[in-house]
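Take a look at the structure below.
The values are calculated or read from the model by the stated rules, or taken from the named source; none is laboratory data. Bear in mind that the values here come from a model prediction, so they are computed numbers and not experimental data. Cβ: placed from backbone, ideal geometry, glycine included. Neighbour counts: every protein chain shown. Note: accessible area is taken over every heavy atom of the protein model, side chains too, but ligands, DNA and RNA are not part of it. Shrake-Rupley method; radii C 1.70, N 1.55, O 1.52, S 1.80 Å.
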Amino acid sequence: MTKITAAITAVGKYLPEYVLSNAILETMVDTNDEWIVSRTGIKERRILKGEGKGSSYMAIKAANDLIQKSKVDPKEIDLVIVATATPDMQAASTAAYTATEIGATNAFSFDLISACSSFLYAMSTASSYIETGKYKKILLIGSDKNSSMIDYTDRATCIIFGDGAGAVLFEPNTEGLGLQDEVLQTDGTGREFLQVAAGGSQLPASLETLKNGQHYVHQDGRTVFKYAVSKMAEVTEKVLSRNNLTKESIDWLAAHQANKRIIDATGRRIGLNEKQIMLNIEKYGNTTSATLPLLLNDYEKVLKKGDKIIFAAFGGGFSWGAIYLTWAYNTN
Ligand code: UT7
C-alpha cells in the first residue's frame, strides 16, 4: 500500500487594517525607529481594533481567504485546529466557533495552545491525523491577537508583537510530499522567562493582579533570545542530519518571526545564506501562532513543488522544534 504523507495544499491569511508603525510607537513609549529596526528588524505591525473582536475574528477571515482561493467545500473539512496563545475565551473553544462560522459543520475542532510553538506543534498534529488515513482535509489556522495581552507602556514588549492570522489546508499525498520529519521539545524550567502570570488557574485575575499588570506579557528578553538561537539551531541541525540533508540542499528556512537577529543568528549557525531564509517580520512583528502560515502566504508564489522547507519555532514554556516538509504544489 502507498504510504500517505500529509501535504499543505492551500494557504490563506488575514491582517488587520490598522498599522502600528515605529513612528507611532515613538509617541507612546521611550523608543525610536533606529533602535527598533536595528535590534528587532521590525518596522510596523498590525493591530486588531474594535470591541468584541478576538482571535476567532481573524481566524475566520484567514480561513475564508483560503476557502475562497482553493475552492474547498467547508463541509468536506474533517477537522479545524486553531493554534493560538490568545484564545477568545478561557473555557469555550475558539476553534469550535471558527469552524461553525466558516461552515465547516461536519468537522470537529479544537484549540492547540503552546505559546509561539503552537502552529509548529499543530502542523505535527494535523499531519499525524492525515497519516492515519482517517481524515482527508484538516484546516489549520494560526491566529493571535497579541495586542490583548500587551502593555503599551512597556517598551520591552510593545514594540515586538502584532496581530494576525494565517491558515493552511493539510491533505493526503501519495507522491511522498509534505511533512517528512520533526523534532519537538519542551523545557518547563523556562516558564519564568516568558509568561502572562495572571488570568489562568494558578493566579486567577483579581483587582490585585490587574493593579500589578500581571495580565500582560512579561519576558526576560536576553534569556529568551539566547535560548531561541541555540535551541532552534540545535533542532534544525538534528532534522538536517537525520534526513541526510546538507545546508545547500535546503530551499527555505521558515523560522518563527520573533526578532530578525534571532533568525539571522540561527541561519548563520546552520550556515544558510540570506536567500534561503523567509522573512516578513519587518511588516508584521511577532504574530505568535501566525508567523509561520503568514510566511507561507507571502512566499507562496515563489515556492515550487518539491521545495525543501525547514520550519523552526521557539516560544514560551519553553517550547521549540523543527519540522522538515516538502512543498506540494506550484502556483499558477
Ligand atoms: O516569540 C518568542 C518570544 N520572544 C522573543 O523571542 C524575544 C527575544 N528577545 C528579544 O527579541 C530581545 O531581547 C529584545 C528585542 C526584547 C530586546 O533587545 P536586546 O538587544 O536584548 O535589548 P536589551 O533588553 O539587552 O536592552 C538593551 C538596552 C537597555 O538599555 P541599557 O540598560 O543598556 O541602558 C534597554 O533598557 O536597550 C534598552 N531598551 C530599549 N531602548 C529603546 C529596551 N527596549 C527598548 C526600546 N527602545 N524599545
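The listed residues are Gly164, Gly213, Gly176, and the only one of them that is part of a loop (DSSP other than H, G, I, E, B), under 21 Å from Asp144 (Cβ atoms) and either more than 15 Å from the ligand (Cβ to nearest atom) or touching a strand residue (DSSP E or B) at 6+ places or on another chain (Cβ under 9 Å) (or both) turns out to be Gly213. Pairs linking a residue in region 242-267 that is free of Cβ contacts under 8 Å to residues at least 40 places away in the same chain to a residue that is more than 16 Å from the ligand (Cβ to nearest atom) and part of a helix (DSSP H, G or I), with Cβ atoms under 6 Å and 6 or more positions apart or on different chains, are Lys247/Ile270. When we screen Ser319, Ser289 for residues that are within 16 Å of the ligand (Cβ to nearest atom) and in contact with an Asp or Glu (Cβ under 7 Å, 6 or more places away or on another chain), the only hit is Ser289.
Considering (1) over 20 Å from the mean Cα position of the chain (by Cα); (2) within 24 Å of Lys301 (Cβ to Cβ), say which one Ile263 fails and leave the rest. Tallying (1) over 20 Å from the mean Cα position of the chain (by Cα); (2) within 24 Å of Lys301 (Cβ to Cβ), Ile263 fails exactly one: (1).
Hey, any hits in region 130-148 for a residue that's out of contact with any strand residue (DSSP E or B) (no Cβ under 6 Å at 6 or more places or on another chain), within 16 Å of the ligand (Cβ to nearest atom) and either modelled with pLDDT under 95 or not polar (S, T, N, Q) (or both)? Yes, because at least one residue in region 130-148 is out of contact with any strand residue (DSSP E or B) (no Cβ under 6 Å at 6 or more places or on another chain), within 16 Å of the ligand (Cβ to nearest atom) and either modelled with pLDDT under 95 or not polar (S, T, N, Q) (or both).
Restricting attention to region 16-48, the residues being away from the ligand (no atom under 14 Å from the Cβ), surrounded by fewer than 19 Cβ atoms within 10 Å (Cβ to Cβ) and not in a strand (DSSP E or B) number 1. Return yes when Val224 is more than 21 Å from Gly166 (Cβ to Cβ) and open to solvent by 10 Å² or more (accessible area, probe 1.4 Å) and no when it is not. Considered against the rule, which asks whether it is more than 21 Å from Gly166 (Cβ to Cβ) and open to solvent by 10 Å² or more (accessible area, probe 1.4 Å), Val224 comes out as yes. Annotation: of all residues in region 317-332 being in a loop (DSSP other than H, G, I, E, B) and surrounded by fewer than 23 Cβ atoms within 10 Å (Cβ to Cβ), the one that is modelled with the lowest pLDDT is Asn332. Within region 164-223, being in the same structural domain as Asn146 (by TED's automatic domain parsing) and free of Cβ contacts under 8 Å to residues at least 24 places away in the same chain holds for no residue.
Of the candidates Ser230, Ser241, Ser206, the single residue that is surrounded by fewer than 18 Cβ atoms within 10 Å (Cβ to Cβ) and within 16 Å of the ligand (Cβ to nearest atom) is Ser230.
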